[in-house]
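The values are calculated or read from the model by the stated rules, or taken from the named source; none is laboratory data. Not measured: the values here are computed from a predicted model. Please note: Cβ atoms are built from the backbone with ideal geometry, for glycine as well, and neighbour counts cover all protein chains shown. For accessibility, only protein heavy atoms count, side chains too; no ligands or nucleic acids. Shrake-Rupley method; radii C 1.70, N 1.55, O 1.52, S 1.80 Å.
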Amino acid sequence: MSEPQPRGIKFREPPVFERGAPGRSGASLPPLDVPEVDPAVLFGALARKDAADLPEVSEPEAYRHYLRLSQWNFCIDSQLFPLGSCTMKYNPKVNEWAARIPAFANLHPMTPEELCQGSLEVMWRLQEALCEVSGMDGCSLQPSAGAQGELCGLMMMRAFHEAKGRSPKKVFIPESAHGTNAASCSLNGLVAVKIEKNADGITHPEQVLAAIEREGSDGDVCGLMITNPNTLGAYETFLPAICKLIHDKGGLVYGDGANTNAIMGRARPGDVGMDVIHINLHKTFTTPHGGGGPGSGPVCFKEHLEPFQPSPVLIRRPQGGYGWDYNRPQSLGRLRAFTGNFGMFIRAYAYIREMGGEGLSMASTLAVLNARYLWAKLKDHYLAPVPQPCMHEVVLSDSQLERETGVKTLDVAKRLLDYGFHAPTVYFPLVVPGALMIEPTETETRETLDEFVAAMVAIAKEARETPELVKQAPHNTVVGRLDEARAARQPRLRWTRS
């Protein structure tokens, strides 16, 4: 790939406070038709002494300001979004249409059951679909995101043990699991026990057994938390044996299902022995996340955990219709106000109905195919820490490149911006030095993947021939390299005229 060249007009936009002039306005209001009131009389000491220093701008100035800011943003509608791990990069437009149907979009969360039967049915059918995908017996849509799904699953596991008169504390977590797993343990008063990363990137039963024996008696095994496929992009092939081992020790198995988009329609966590998982709707089922909208992390579980799920529980009534069951004496209670991010449910259900079973299976197949294509093309230019082909995301390391050239992971990420690509996830997973995690998703074409490969190969070549070019990147963006460490330590969050 040749040296990237800047094209088009780039606006360096100041804060809106620095636009406009005193007395300028973009509004046209009629004369005041009520008596004027002195705020100082009404508010006393609370009244302002000085007028708020707000921007005074015309309509074109205001509109151009926000439009130009939007042009700084990188979005999936413009290019491949290679971030790895828990962020989905595909939000079908039909999902957005469905979520904006007025009867859904304007529904008040306190609407009586008899007036929102259609919406309750959508939620119930979504729960049934997620049970089918996961191989579980029940589902709760209440958790707001994957991390809250983890918290919920562990709370259910803890309640299960307590109902049997037990209080085990140890939860065994492989290093290749998601980092939030340990935090969820701490919030539940449980103790996270690390299982070291293996050379082949997957967890072996003998490792789990050794960790259990090392940490004390069998009676203190609350369970295991495992991510599959894991953060190294590898499939945990020993899961059936590991699940049996944990169950034999009296524990339960929590599956971090954030990467379900690699296996849906091909493998079901419930079938290999897992007791409870969460599924990120914003990852596997294409709902927005982060700046684009709230997340959603439903939990799916086996029948023996059903009494402990969050309440109220959505049920289909024997006499017909749908409603909420509040009579759940063993429930862990509410996780949040109301019962979940409803707009995300509509989007996920629309996607599932549009795709059908065969479509969902094909989506996971293509996600793995695209990732393995990148792995095959890039593993000779950047180290591959796991020897076997990856699943849905590619984990590479530029540690050798740094030793040879001094170019670091962050330099590669910044240089990608000059080639028109958003940077991948960097420095994660933590167990891989100089990690670059790339997830192409099933939606990207071979042509786009080839462009990305060409950029990555070109940057590796630049690092060896002109390392300073890469170290000082980006060169063609509106804003150059920022002092990110200083920005984190000394943030300037409020604009002042001085």
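Annotations for the structure displayed:
- Only one entry of 386, 368 meets the criterion of being under 30 Å from residue 463 (Cα atoms) and either at pLDDT below 95 or surrounded by fewer than 17 Cβ atoms within 10 Å (Cβ to Cβ) (or both), and that entry is 386.
- Scanning the range 315-346 for residues that are farther than 24 Å from residue 304 by Cβ and of a type in the set (S, T, N, Q) turns up 319, 341.
- Checklist (1) in contact with a Ser or Thr (Cβ under 9 Å, 6 or more places away or on another chain); (2) of a type in the set (A, V, I, L, M); (3) outside any helix (DSSP H, G or I) applied to residue 363, failing item: (3)
- Looking only at the range 27-45, and only at residues there that are among the hydrophobic types (A, V, I, L, M, F, W, C) and under 30 Å from residue 61 (Cα atoms), the one that is least open to solvent (accessible area, probe 1.4 Å): 27
- Single residue of the range 231-264 satisfying the filter (open to solvent by less than 10 Å² (accessible area, probe 1.4 Å) and among the charged types (D, E, K, R)) that is modelled with the highest pLDDT: 236
- Flag if residue 119 is assigned to a helix (DSSP H, G or I) and in contact with an Asp or Glu (Cβ under 7 Å, 6 or more places away or on another chain): no
- The range 323-349 - residue that is assigned to a strand (DSSP E or B) and open to solvent by 20 Å² or more (accessible area, probe 1.4 Å) and, of those, farthest from residue 110 (Cα to Cα): 325
- Within the set 312, 298, the sole residue that is over 13 Å from residue 253 (Cα atoms), touching a Phe, Trp or Tyr at 6+ places or on another chain (Cβ under 6 Å) and touching a residue at least 12 places away in the same chain (Cβ under 8 Å) turns out to be 312.
- In summary, residue 375 fulfils each of the numbered conditions (1) within 12 Å of residue 233 (Cβ to Cβ); (2) touching a Lys or Arg at 6+ places or on another chain (Cβ under 8 Å); (3) aromatic (Phe, Trp, Tyr) with the single exception of condition (2).
- Within the range 161-198, being open to solvent by 60 Å² or more (accessible area, probe 1.4 Å), without any contact (Cβ under 8 Å) to a residue 60 or more places away in the chain and out of contact with any Cys (no Cβ under 8 Å at 6 or more places or on another chain) holds for 162, 164, 165, 167, 180, 186, 187, 194, 196.
- Each residue in the range 137-171 was checked for being more than 22 Å from the chain's Cα centre (by Cα) and in a loop (DSSP other than H, G, I, E, B), and 7 of them qualify.
- Among the residues here, residue 224 does not qualify as of a type outside the set (S, T, N, Q), outside any loop (DSSP other than H, G, I, E, B) and open to solvent by 30 Å² or more (accessible area, probe 1.4 Å).
- The one condition in (1) more than 16 Å from residue 439 (Cα to Cα); (2) open to solvent by less than 20 Å² (accessible area, probe 1.4 Å); (3) of a type in the set (Val, Ile, Thr) that residue 394 fails to fulfil: (1)
- The range 482-496, residues that are at pLDDT below 90 and in a loop (DSSP other than H, G, I, E, B): 482, 483, 492, 493, 494, 495, 496
- Subset of the range 237-256 [part of a loop (DSSP other than H, G, I, E, B) and either touching a helix residue (DSSP H, G or I) at 6+ places or on another chain (Cβ under 8 Å) or touching a residue at least 60 places away in the same chain (Cβ under 8 Å) (or both)]: 238, 249, 250, 251
- Evaluation of residue 79 against the conditions (1) open to solvent by 60 Å² or more (accessible area, probe 1.4 Å); (2) within 30 Å of residue 445 (Cβ to Cβ); (3) not hydrophobic (A, V, I, L, M, F, W, C) shows that the sole unmet condition is (1).
- Criterion: more than 30 Å from residue 282 (Cβ to Cβ), within 36 Å of the chain's Cα centre (by Cα), open to solvent by less than 100 Å² (accessible area, probe 1.4 Å) and not polar (S, T, N, Q) - qualifying residue of 61, 13, 56: 61
- Criterion: buried (at least 21 other Cβ atoms within 10 Å of the Cβ) and of a type outside the set (Phe, Trp, Tyr) - qualifying residue of 115, 107, 126: 126
- If only residues of the range 420-449 that are free of Cβ contacts under 8 Å to residues at least 40 places away in the same chain and not in a loop (DSSP other than H, G, I, E, B) are counted, the one that is least open to solvent (accessible area, probe 1.4 Å) is 426.
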